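Let me begin by presenting the structure, written as C-alpha cells, before commenting on it.
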Amino acid sequence: MRGWFITGTDTDCGKTLVAAALVHKLRAAGEDVAVMKPVASGCEMTADGLRNADALALIAASGRAWPYTRVNPYAFAPAIAPHIAAAQVGVAIEAQPILDAAVALAAGQDALVVEGAGGWRVPLGDELDMAALAVALRLPVILVVGMRLGCLNHALLTAEAIARDGCRLAGWVANTIDPGQAEFEANLQTLSARIGAPCLGVIPSLSDPDPRFAAEHLALP
C-alpha cells in the first residue's frame, strides 16, 4: 500500500487536522485517497452505532462514503485509553482485522492515510500498541508536533522511537497549539536540526481549524 501513518507527540496535538489536510492536499493533486482511524475512543452513540468525530472528519475530507466500520473497526464510547475502553466492554483489539480493512480500503486508491490514536506508544492490548500497528501496516510515518511548552522532548523521543521500531519517518508537521509559545522560531529550528526528517509544514493557530486551510501550509511528503 502507498500511504502514511499519522502519529503525534500526544493526544490533542492536531493529528486529525493534519491527516485531513493531507487528504485534501492529495485530492487537490488529483489522487484518490482512502482514510482510516483504526481505533477510536470518545465515540458518540448514533442511530447507526458508535461514531467518532475524527473518523467522520477523515471521511468528509476524502469525499467518499466509505463504510464506517471499515474506516474505524474499533470504536469505544468512553474518552479514555483505548485498551481500557476495550477491556470495559470485553473486546480484544487485534491487528489482523485492521490490516484486512486497510487492504480493502486501499484497493483501487492512490493512497491510504491512517490516523493513529494518542501517541506512538499508546497501548491497545496486552501485546499490541499503536507502534506495533504502524509497523504491521508498513507505512511511512508523519509526526505531528503540537507546538507548546514541552514539545521538544516529546517530539525527539517520539522520533527516536519511530526509528528504533524500524519505521521510516517521512516528515513532521509543526501544529501551533499555543500561539503564545515563547521562542517559537527557536523551537522550530531545534526540531529541524534534530529530527532526521523534513518539516512538511507549519500550521498557524486557527480559530476555525479547517483542514482545507491547513492544507495550504503543507507540503506533500
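None of the figures in this text is laboratory data; all of them are computed from the coordinates on show. It should be emphasised that the depicted structure is a prediction, and the values quoted were computed from it without experimental measurement. Cβ: placed from backbone, ideal geometry, glycine included. Neighbour counts: every protein chain shown.
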remark   = Of the candidates 18, 33, the one satisfying the condition of being under 23 Å from residue 147 (Cα atoms) and in contact with a strand residue (DSSP E or B) (Cβ under 9 Å, 6 or more places away or on another chain) is 18
Filter result for residue 64 (farther than 20 Å from residue 79 by Cβ, of a type in the set (Lys, Arg) and in contact with a strand residue (DSSP E or B) (Cβ under 6 Å, 6 or more places away or on another chain)) = no
query = Can you name the residue in region 29-73 that is among the basic types (Lys, Arg) and surrounded by fewer than 22 Cβ atoms within 10 Å (Cβ to Cβ) and, of all such residues, is farthest from residue 108 (Cα to Cα)?
reply = 51
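Is at least one residue of region 176-191 part of a loop (DSSP other than H, G, I, E, B), farther than 23 Å from residue 62 by Cα and of a type in the set (D, E, K, R)?
yes
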remark   = The strands (runs of 3 or more DSSP E) lying entirely within region 25-76 that contain at least 3 residues which are farther than 20 Å from residue 7 by Cβ are 44-46, 49-51
key: Filtered residues of region 132-172 (kept if basic (Lys, Arg) and part of a helix (DSSP H, G or I))   = 164
query = What are the pairs, 6+ residues apart or on separate chains, where a residue within region 154-168 that is on the phi < 0 side of the Ramachandran plot has its Cβ under 7 Å from a residue that is in a helix (DSSP H, G or I)?
reply = 155/191; 156/194; 161/131; 165/131; 165/135; 167/134; 167/135
inquiry  = Any residue in region 96-116 that is farther than 9 Å from residue 1 by Cβ sitting within a Cβ distance under 6 Å of a residue that is among the basic types (Lys, Arg) and buried (at least 24 other Cβ atoms within 10 Å of the Cβ)? List the pairs, counting only those 6 or more apart or interchain.
reply    = 115/15; 115/37
query = Given 85, 92, which one is of a type outside the set (Val, Ile, Thr), farther than 26 Å from residue 22 by Cβ, in a helix (DSSP H, G or I) and touching a residue at least 12 places away in the same chain (Cβ under 8 Å)?
reply = 85
